[in-house]
Amino acid sequence: MNRYPIGRFAYDADSTPDKRAGWIRDIAELPAYLRRSVDGLDASQLDTPYRDGGWSPRQIVHHIADSHMNSFIRFKLCLTEDTPQIKPYNQDAWAKLADVTGVDVGFSLSLLEGLHARFSALLRSLRPEDFAKTFLHPENGPMTLDRTLQIYAWHGRHHSGQILALREARHWK
């Protein structure tokens, strides 16, 4: 199965207010879209990896919650500090912890609903010049909020696409 069902992330250097509004809409709508992508899956289906060596829908949902919580905090740090250095985390190790492997996806879906309501409200409040602010990622170097917005709009669609591709490949309704 394709690791990138919607394609790899591609940065759009020609960011405009209209494009940003679309990426913010993607973030705002992700919780409902993700909830629909796992709706009706039983425990066995939620624990089926979408490809060999890939994560299961359960791991994907919890990963999105972990990742987007980190992103929200990074945005807030960047907006309140001068080029803060952020801390990366080992997403593969986090995906194996008990709060991922043994917990109902509904908890992360509910968390994402509240988180994305706040995240999208924050994003809509930003001025164009705010998107040029940067934080320092120890592995990736300086990251603008504009690039980070695009990454996380893509990230949610990417992982939801993996779940939907698994459903289609397995003919799960």
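The numbers here are math on the coordinates, done by the rules we state, and not lab data. What you see is a predicted model; the values in this text were computed from it and never measured. Ideal geometry is used to build each Cβ from the backbone, glycine not excepted, and the neighbour counts take in all protein chains shown.
Only helical DSSP H runs with n ≥ 4 go in: add -39500 (n - 2.57) per run for the chain, normalise by residue count and round the 222 nm mean residue ellipticity to 500 deg cm²/dmol. Please list the in-between numbers first.
Details: 7 runs with 105 residues, N = 173.
Mean residue ellipticity at 222 nm (helix-derived): -20000 deg cm²/dmol.
For every other residue with a beta carbon closer than 14 angstrom to the beta carbon of Asp146, add +1 if it is Lys or Arg and -1 if Asp or Glu, then tell me the sum. Mind dumping the intermediate values first?
On the way: positive: Lys19, Arg20, Arg74, Arg127, Lys133, Arg147; negative: Asp12, Asp14, Asp18, Glu129, Asp130.
Residues near Asp146 contribute +1 overall.
From the backbone phi of the stretch 164-173, what are the Karplus-calculated ³J(HN,Hα) couplings (6.51 cos²θ - 1.76 cosθ + 1.60, θ = phi - 60°) in whole Hz, Gly and Pro given as x?
5, 5, 5, 4, 5, 5, 8, 6, 8, 7
For the stretch 1-90, what does the relative contact order come out to in percent, with C-alpha contacts under 8 Å and a separation of six or more? Don't skip to the answer; put the middle values down first.
Values: 26 pairs, mean separation 16.2, N = 90.
Rounded, it is 18 percent for the stretch 1-90.
Give a residue-ordered list of calculated ³J(HN,Hα) values for the stretch 24-41 (Karplus: 6.51 cos²θ - 1.76 cosθ + 1.60, θ = phi - 60°; whole Hz; x for Gly, Pro).
5, 4, 4, 5, 4, 8, 4, x, 5, 5, 5, 4, 5, 5, 9, 4, x, 6
Relative contact order for the chain using alpha-carbon pairs under 8 Å, separation at least 6, rounded to a whole percent?
On the way: 178 pairs, mean separation 69.0, N = 173.
In percent, rounded to a whole number, it is 40.
Roughly how many nanometres apart are two label points built 7 Å out from the Cα toward the Cβ at Arg118 and Ser44?
About 3.9 nm, to one decimal.
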